[in-house]
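The values are calculated or read from the model by the stated rules, or taken from the named source; none is laboratory data. Keep in mind the model is a prediction, meaning the values are calculated, not measured. A quick note on method: Cβ atoms are made from the backbone with ideal geometry, for glycine too, and the neighbour counts reach across all protein chains shown.
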Amino acid sequence: MRITILLSLLLFCFACSPDKKAERVFKNGNIYTAEDKQAQVEAVAVTGDKIVALGSNTEIENWIGDETEVIDLQGQTMTPGFIEGHAHIMGVGYNELNLDLMQVKSYEELVEKVKEAVAKAQPGQWIVGRGWHQDKWTTKPAKMVKGFQTHHLLSEASPNNPVFLRHASGHAALANAKAMEIAGLNQLAKETLQQNTEEGGEIIRDELGNPTGILNERAMMLVATKIPENTAETDEQALELAIQACWRNGITSFHDAGASRENIALFKKFLAEKKLGVRLYPMLTGWDLGQVYEYFKSGPYIDSTHFLTIRSVKLNCDGALGSRGAWLLEPYTDRPDFSGMATYSMDTVLKVSRDALNAGFQVCSHAIGDRANKEILDRYEIAFKENPTKAKEHRFRIEHAQHLHPNDIQRFAQMGVIPAMQAIHMSSDRPWAIERLGEKRIKEGAYMWQTLLKSGAVIVNGTDAPVEPLNPIPSFYASVSRKTLAGTPENGYEPEEKMTREQALKSYTLFASFGEFAENIKGSIAVGKLADFTVFSKNIMEVPEQEILEAQVTMTVVGGKIVYKRN
């Protein structure tokens with residue numbers, strides 16, 4: 001009996017005292033693992049880029065050797081590295097280089113920012129920016145056409161420099177008279193005006209038929225194609241700035257929603273130079289089907305270090321609620337003559353879906369309106385039924401899934417389709433979205449997080465940056481509160497659709513990793529997974545709801561290395 005006890009003690013000590021000590025240990029933390037078992041621990045041990053142990057401070061003490069770097073979290077909260085589930089990484093970078101209009105509160109303030117840029121610009125130089133949203137302004141212009149301001153005040157401020165300012169949604173833009181003149185859209189170009197634009201776009205005009213400067217959806221290209229292209233140098237600068245922005249905001253992985261051929265080449269260049277810094281999951285843009293089919297032929301690209309994976313396609317199938325481009329089954333409440341528009345052929349959605357299944361690729365379709373969601377689910381369903389073997393693990397997604405018909409909500413779980421939803425859109429959009437959809441449609445089918453989760457769907461969270469700021473804390477807050485960032489209304493909009501904090505954390509970590517076929521290598525804190533962590537100044541899992549917004553990212557860890565530490 002004594003020998004048996006002695007042997008047991010020796011085995012216990014051997015298990016507790018690993019021969020190899022960890023390279024780095026994080027201890028004294030409120031560490032949430034996003035795992036159902038061992039959901040909360042105090043310390044984590046890391047060697048190389050992998051987690052080797054986790055548990056209490058006492059248990060992990062045995063992993064500390066003379067050369068182990070010990071990071072004392074001092075009671076701060078650590079989670080798996082946050083994964084941005086839908087955003088635009090080059091847009092994030094260029095938003096730091098160009099005019100950032102996200103915080104402007106009026107048309108006059110926007111014009112003042114343009115005036116400042118014009119004063120610094122060369123004659124004839126283009127002024128470009130993004131982020132304005134007329135429904136978020138505290139005061140509205142005296143004259144509006146179809147819910148938008150007109151170009152006149154902007155044109156007076158910049159008569160000689162062409163100006164092109166994208167809406168926060170990215171689905172509309174404001175051009176000044178000089179930009180429209182360069183594009184052939186001034187009031188003398190009657191033939192161009194009568195042609196309007198190619199299918200899937202709209203030139204907003206006043207009562208006399210003159211362009212107001214607002215270009216909706218694909219009509220934006222009439223002006224955007226006249227802007228000088230970005231250089232390789234500015235692209236690199238933008239990507240570097242975007243990576244740094246990710247680190248500051250605790251983002252360790254990033255689903256890039258629509259990457260061009262040039263973007264992909266740049267990502268591979270940064271990977272080869274070991275400068276990528278954030279784990280990228282880019283979706284090949286559906287606007288370049290040549291690139292898409294090149295990858296279908298060659299197969300998925302999966303980097304062994306897990307910094308770059310290419311196995312998905314992004315199809316832009318409708319617009320946004322803010323620009324009234326979202327494709328609806330019934331007309332807009334505040335524009336009864338219009339139901340939005342499809343911006344991508346549904347026949348092409350079906351063809352790409354069929355071919356993607358055969359090639360082992362995931363399809364991610366942008367759909368905000370209820371008709372767009374229904375039409376895409378219908379096309380996915382056809383492809384799945386035709387090829388049930390390949391459809392067993394398809395993980396096709398709908399990006400945004402913002403407004404659904406009640407009949408389609410259960411279809412996500414039934415078909416295994418992932419809704420990639422940005423909770424911050426509810427916080428930002430819900431106060432005015434009711435004007436677009438009316439109360440009945442809002443309550444029955446908009447931002448249906450809890451209903452989707454209870455049905456068995458897996459929600460991927462994010463911000464859609466630069467549509468919204470990249471910071472995940474406001475989106476996490478919106479997920480659990482259903483409130484605006486000002487804390488209204490008191491109980492939240494449609495409070496029955498709130499996520500729990502555990503669900504919200506998983507939507508930004510484990511569920512997001514599932515959305516890129518990576519749940520076995522990241523997305524939670526578990527032995528053998530990548531050592532990607534985000535550290536917060538406040539315990540976002542327990543503090544009073546409104547205090548969540550006071551939390552700050554204090555440290556970001558990618559592959560076991562501290563890439564950002566807040567002073």
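Could you please find all residues in the stretch 220-254 being surrounded by 20 or more Cβ atoms within 10 Å (Cβ to Cβ) and more than 24 Å from the chain's Cα centre (by Cα)? Of everything in the stretch 220-254, those that are surrounded by 20 or more Cβ atoms within 10 Å (Cβ to Cβ) and more than 24 Å from the chain's Cα centre (by Cα) turn out to be Leu222, Val223. Within the option set His400, His405, His425, His366, being surrounded by fewer than 24 Cβ atoms within 10 Å (Cβ to Cβ) and not basic (Lys, Arg) holds for one residue only, His405.
Assigned to a helix (DSSP H, G or I), in contact with a Gly (Cβ under 7 Å, 6 or more places away or on another chain) and not basic (Lys, Arg), is that true of Ala512? Against the criterion (assigned to a helix (DSSP H, G or I), in contact with a Gly (Cβ under 7 Å, 6 or more places away or on another chain) and not basic (Lys, Arg)), Ala512 qualifies. For the stretch 339-353, the set of residues classified as buried (at least 18 other Cβ atoms within 10 Å of the Cβ) and part of a helix (DSSP H, G or I) consists of Val349, Leu350, Val352, Ser353, listed by residue number. Under 12 Å from Gly81 (Cα atoms), buried (at least 17 other Cβ atoms within 10 Å of the Cβ) and not basic (Lys, Arg): is that true of Val480 in this structure? Against the criterion (under 12 Å from Gly81 (Cα atoms), buried (at least 17 other Cβ atoms within 10 Å of the Cβ) and not basic (Lys, Arg)), Val480 does not qualify.
If we only count helices (runs of 4 or more DSSP H) wholly inside the stretch 217-278, which ones have 1 or more residues that are in contact (Cβ under 8 Å) with a residue 24 or more places away in the chain and of a type in the set (D, E, K, R)?
Details: elements: 221-224, 232-248, 261-272.
It comes to 232-248, 261-272.
For the stretch 262-311, a residue qualifies if it is surrounded by fewer than 19 Cβ atoms within 10 Å (Cβ to Cβ) and of a type in the set (Gly, Ala, Ser), and the qualifying residues are Ala265, Ala272, Gly290, Ser298, Gly299, Ser304.
Could you pull out the residue among Val480, Val467 that is in a helix (DSSP H, G or I) and among the β-branched types (Val, Ile, Thr)? Before you say what the answer is, go through the steps one by one.
Values: Val467 fails: in a helix (DSSP H, G or I).
That would be Val480, the only listed residue that is in a helix (DSSP H, G or I) and among the β-branched types (Val, Ile, Thr).
Do you know which residues across the stretch 261-311 are among the hydrophobic types (A, V, I, L, M, F, W, C) and under 19 Å from Asp532 (Cβ atoms)? Scanning the stretch 261-311 gives Phe267, Phe270, Leu271, Leu276, Val278, Leu280, Ile302, Phe307, Leu308. Of all the criteria given as (1) surrounded by fewer than 24 Cβ atoms within 10 Å (Cβ to Cβ); (2) in a loop (DSSP other than H, G, I, E, B); (3) under 19 Å from the mean Cα position of the chain (by Cα), the one not satisfied by Lys522 is (1).
On the stretch given as the stretch 294-338, residues that are of a type outside the set (Phe, Trp, Tyr) and either in a helix (DSSP H, G or I) or farther than 24 Å from Ile418 by Cα (or both) total 14. Is it the case that Ala259 is touching a strand residue (DSSP E or B) at 6+ places or on another chain (Cβ under 8 Å), on the phi < 0 side of the Ramachandran plot, crowded, with 21+ Cβ neighbours inside 10 Å and modelled with pLDDT under 95? For Ala259, the condition - touching a strand residue (DSSP E or B) at 6+ places or on another chain (Cβ under 8 Å), on the phi < 0 side of the Ramachandran plot, crowded, with 21+ Cβ neighbours inside 10 Å and modelled with pLDDT under 95 - is not met. Selection of first residues in the stretch 303-331 that are under 30 Å from Ala265 (Cα atoms) and at pLDDT below 95 and of second residues that are aliphatic (A, V, I, L, M) and not in a loop (DSSP other than H, G, I, E, B), restricted to Cβ pairs under 9 Å at least 6 apart or on distinct chains, gives the following pairs, ordered by first then second residue: Gly319/Ala172; Gly319/Ala372; Ala320/Ala172.
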